[in-house]
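Notes to accompany the following structure.
Since every read-out is calculated from the coordinates, none of them should be taken as a lab result. Bear in mind the structure is a predicted one, so any value in this text is a computation, not a measurement. A quick note on method: Cβ atoms are made from the backbone with ideal geometry, for glycine too, and the neighbour counts reach across all protein chains shown.
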Amino acid sequence: MSLPIYVIGHKHPDTDAICSSLALTALKEAQGVHAVAGRIGHLSPETAFILDKVGVEPPLYMNTAKCALSEIEIDEAVRVHPEDTIRSAWDVCLEHNVKTLYVVSDDDEYLGVCTINDISKIQMQDVSITKDLLKDTPLTNIVRALKGQFIYEGNLARSGYVRISDKRLNERNLEGAIMVLDDHEDDMFKSIVRGCAVVVCTQNYRPSDYIIEIAKQKGATLIQTPYNIMKVIQMIYRSIPVSFIMTPKEKIISFSQSEFVEQVESEMLKTRHSNYPVLFQNHLVGSVARYHLLKSEKKKFILVDHNEVKQSIDDIETAEIVEIVDHHRIGDIETSRPISFRNMIIGSTCSIVTMMYREANIRMSDKVALLCAYGMISDTLNFHSPTTTPIDLDLKAYLEKEYGLHFDEMAIELFENTATIKGKEFKNLLYNDTKEYILSGHRIDISQVFTYNLDDVDSIEEDFKAFMEQENKKRHYDLLMMVFTNVEGNGSRFICVGDLAHDVAPAVARFADQQFVSRKKQIVPSLAQVLL
């Protein structure tokens, strides 16, 4: 089973991250690459509106780059039932070329494990051990193991001992014994009269009506089998039910299919079993061995709209990054081999993806064209942001001409339906789009939301600042900044808390006067200069 390449944006994904993930996934699929769009977090109201408008499903939600058992190739769990004979279990092992069988109930509930080693032990153990198993073995199991049939089914208790006719027959205690006899009816008579519980007649011999009548009177069982005496002695112990020799589930380590490969590997090192059951709600879904873990693949990722560890999916160091498409500063992502890293000074990642379609000479679907357009509108404030470049404007003209899109109409509808802070929870506002920076040794976090009407900030400013102060008691940033930005690019309102808030207040006031709207090109560079 080959894993897909996951195309994934940053934590607290904005519209550009989601739309570029979906659009680039479609491009990779068109190029013959098995790709899946992913997301690390919930959709913003703006993004949810867009996906509903376009008619596409959100990317797959993911919270870790680690591989789970459900994502690697494991073996089928070969099943037997508890009442099956160990002979039939042996045959199943040979048929499927496995050494471990999983015992399940009629409704497929996992009960335990039976190995080929467990079965082999029965042939090697002392009779005093196997007799205790054989005396409780159902008669039907004995018949199945010997490929025989009942002549008469009696009701005598069995001792578990297996006897044959020999010179000391008259001296032996035959009470409850299983007698394996050929066509000598005299031995049959003596054995039944002396209390044996079962007579196995070999080589398909059927005793006379007289012997059958004596067996009925004494309650002894008569079984007919095509095997000879030596074969019966060999096979009869294989009639023992699997349930008698299995290791119950409570004594075997099992794994959930949602457990991570590295956790499973750690647990395996504590035991010496060759195979382990993989479960889902106590039902078997497979069998895993160490070699499965050794040959398992790492998850592969294409990162869009970010290239920093703290912004990426958790445990990204356990995965393989195969490509990055971004328009932010170069961060601290490391790779084990050379990759395609496309980083451009441009307004949005969706702009880059649009270029990639053109370069590959692959036409976008109408839905992908809409996704790219909305991503560009959102990240460039409909091309009013200072991050907008001539390339963005050229791509806008291209999409309008080739796909019949009307960006201004799309932007007005989008902003009117989504760009408001009224009625939204403070937590959702603060954590909707947040990024952390280290500037001159200071830990700084800057969150940003867009609104049609900046005057709406007045009604929440005091309470929102108090909320930020409470949050920062847990997060301990030197500066926690909230930026409310007009969606048409007409400036921003700022709220700051933290130890640096008073020191940077004059500079932040200038940011507002100068109508800063871009966190990347205006706010962060200017703040970095202030903190030098």
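In a shell of Cβ-Cβ distance under 9 Å around Ser44, excluding Ser44 itself, what net charge do Lys and Arg (+1) and Asp and Glu (-1) give? Within the 9 Å Cβ shell, the charges total -3. Close amide H pairs (under 5 Å, H built 1.01 Å from N) link Leu279 with Phe255, Ser256, Gln257, Val285, residues at least 5 positions away or on another chain.
For the residue pairs Lys270/Lys310; Lys66/Lys473; Lys310/Lys473; Lys190/Lys231; Lys298/Lys396; Lys11/Lys473, the C-alpha atoms sit more than 26 angstrom apart in Lys270/Lys310; Lys66/Lys473; Lys298/Lys396. In this calculation the C-beta distance from Gln217 to Leu169 is compared with R0 = 22 Å, giving a FRET efficiency of 0.60. Here the label points at Asp455 and Asp52, each 7 Å from Cα along the C-beta direction, are separated by 2.8 nm in the simple model.
Judged by the mean number of other Cβ atoms found within 10 Å, the most tightly packed of the peptides 376-384, 431-439 leads the ranking 376-384, 431-439. Against the chain, whose longest principal axis is taken from its Cα atoms, helix 407-418 shows a tilt of about 70°. Give me the one-decimal nm value for the distance between modelled label points at Asn63 and Thr140, 7 Å along each residue's Cα-to-Cβ direction. Distance between label points: 4.7 nm. Each of Arg337 and Gln203 was given a label point 7 Å from its Cα along the Cα-to-Cβ line. The distance between the two points is 6.8 nm. From the coordinates of this entry, Cα Rg over 2.2 N^0.38 Å is computed, and it appears in (1) 0.97; (2) 1.56; (3) 1.32 under the label (2). Looking at region 164-269, the trypsin sites (Lys or Arg not before Pro) that sit in a DSSP loop and have at most 12 other Cβ atoms within 10 Å of their own Cβ are Lys167, Arg168. Given R0 = 56 Å, the distance between the Cβ atoms of Glu83 and Glu425 translates into a calculated FRET efficiency of 0.45.
From most to least packed by mean Cβ count within 10 Å, the peptides 208-214, 483-489 give 483-489, 208-214.
The helix-only estimate of mean residue ellipticity at 222 nm for the chain, built from DSSP H runs of length n ≥ 4 each weighted as -39500 (n - 2.57), is -11000 deg cm²/dmol after division by the residue total.
Positive contributions from Lys and Arg (+1) and negative ones from Asp and Glu (-1), summed over other residues with Cβ under 13 Å from the Cβ of Glu109, come out at -1.
Given a Förster distance of 22 angstrom, what is the FRET efficiency for Asp314 paired with Glu267, based on the Cβ-Cβ distance and rounded to 0.05?
My answer for the efficiency is 0.55.
Only bridges whose two residues both fall in the chain count here: according to DSSP, what percent of them are antiparallel, nearest 5? Once the DSSP bridges in the chain are tallied, antiparallel ones form about 40 percent.
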